[in-house]
Structure formats: structure tokens, C-alpha cells
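Below is one structure, written out as C-alpha cells, with a few remarks after it.
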Amino acid sequence: MRGLWRIERELRAEGIAPIAGVDEAGRGPLAGPVVAAAVILPARCRLPGLNDSKALTAAARERLFALIQDRALSTGVAVVGARTVDRINILRASHRAMREALLQLDPAPALALVDGRPLPACPVPQRNVVHGDRLCASIAAASIIAKVTRDRIMEEVHARYPGYGFDRHKGYATPEHLACLSALGPCPEHRMTFAPVRSLLQQRLGLDWTGEAREPLYGRAQVDKGRG
């Protein structure tokens, strides 16, 4: 835990504050939005068990989510949906979400610590930290806020489209998800430009996704399956 605060301590010693961490969740899945979070933590903040969201259990993430929301100076969350991901691509959608999350912070940070590569058109000064969710407390906190928020959204998606198991795999390309996708066809929350979904559209429905709105594919696939 102590090592997670090293970067923030060094920056504060240079007189740089407040400091925000920013991270995203959901670049890889075949369905659902990409979600970004930005978090400003106070200099003295007890968050027992804080770590990269991917290294935590779901229960630990939920516990830390509540603690972070209670103890952070400010948090921002932005959601960019699947249709926008298809239209502008996942990298640009991730960048959009991260910028929007940072703009929600009050006070505005003097510096943003960004997980991974630099953020284009960042609205505040930034420093990128490779593997920042493992090395930096504020980025780890942002990773938890983004992950829990996205997981909750995918629970809601599961309630609307229960046949895919979104409550379990959260839209990632697990064998279960791919089997359900093959059986049912894509639903409106699927990212039509992602290879497994695009290939299915081409093979099963004779469509090539161009980014334009089309008829609901979930219903189309169900009809086609029934006619099979």
C-alpha cells in the first residue's frame, strides 16, 4: 500500500496538487460501453486493500468503490456507448471517456496521472504512468470506480438481453459469450465493428457493418434462428 502512494507523495513534495488519477474499463469486450473514471484522493486517505481493479475480487472492488466514493475529494465518471465505439473506434472512445471524466472533477486537478499512454487533447496537464493501476494510488482508485460502474451497467444489459450471460462475462469474448452470440446473433449492445461480431454478421446475416444504424439485429437473429 505504501508504494502505491510514492508518485503522489513526490508530486506533492514538488508543490503539485490536486492530483487526479484516470483509467478506463471496457476496451476489450465485444459488447457494452467503455467507462472511464477520474479520482482525486486527499493526501491522507486510508483505503485498505487498494490495488489494481483486475487484481481484486468483485466483493473487494465493491467495498473499495464505496470507500473511494466516500473519501475522495472528487470523482468523475464518463460512459461512451457501443454505437459510438463503432462510429469512432474503441481507442478514440476510450480517450473521449477519459477526457469527459476529468472535466467533471471539482476542483480541477493541477495534474492528471494517466494509466498507460498519454491522453490526446487532455484538458489538464498530464503524466502517463505505464501500469499505473498497479503503481499509483489514484489510478488504482480510478480503475476500481470505472470497473465497478461498468460491471453494474452490464448487469442492467443482462436484464434487457438475458440470453447472453452478460452478468457473468460482462461482454468479454469468453467461450460462453461466443456460443451465445453464435446461437442468438448480436443484440443492440454488441460492438458491430469488433471482429467476432462483424464476422457473424457477414456469415449469418449477409451484412457488413458500416457504422450506420440498422434494424435491431437481436430480433433479426431470433427470427432467422426460428426459421432455420
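Counting beta carbons within 10 Å around each of Ser199, Ser94, Ser143, Ser182 and listing the fewest first gives the order Ser199, Ser182, Ser94, Ser143.
Determine the sum of side-chain charges near Glu100: Lys and Arg each +1, Asp and Glu each -1, restricted to other residues whose C-beta is under 13 angstrom from that of Glu100. If you can, show how the numbers build up before the last one.
Working: positive: Arg92, Arg96, Arg99; negative: Glu24.
In short, +2.
Annotation for the range 62-161: GluC sites (Glu not before Pro) lying in DSSP loop with at most 16 further Cβ atoms inside 10 Å of their Cβ do not exist. Among the listed values (i) 19.2, 68; (ii) 17.1, 55; (iii) 22.5, 91, the one computed from these coordinates for Rg and Dmax of the Cα atoms in Å is (i). Estimated purely from DSSP H runs of n ≥ 4, each contributing -39500 (n - 2.57), the mean residue ellipticity at 222 nm for the chain is -13000 deg cm²/dmol once divided by its residues. Length gained on full extension, Cys122 to Ile16: 36.4 nm, using 0.36 nm per residue less the C-alpha separation.
Which whole-number percent gives the relative contact order of the chain, counting Cα pairs below 8 Å spaced six or more residues apart?
Values: 438 pairs, mean separation 57.8, N = 228.
Relative contact order here is 25 percent.
On full extension of the chain, what length is gained from Ala179 through Arg160, given 0.36 nm per residue of separation minus the C-alpha to C-alpha distance?
Working: separation 19, 0.36 × 19 = 6.84 nm, distance 1.86 nm.
Between Ala179 and Arg160, full extension yields an extra 5.0 nm.
For the chain, what proportion of DSSP beta bridges, expressed in % and rounded to the nearest 5, is antiparallel?
Values: 14 of 22 bridges.
Bridges in the chain are about 65 percent antiparallel.
Every number in this text was worked out from the coordinates using simple rules, so none of it is lab data. Note that the structure is a prediction, hence the values are computed from the model and not measured. Note: ideal-geometry Cβ built from the backbone for every residue, glycine included; neighbour counts use all protein chains shown.
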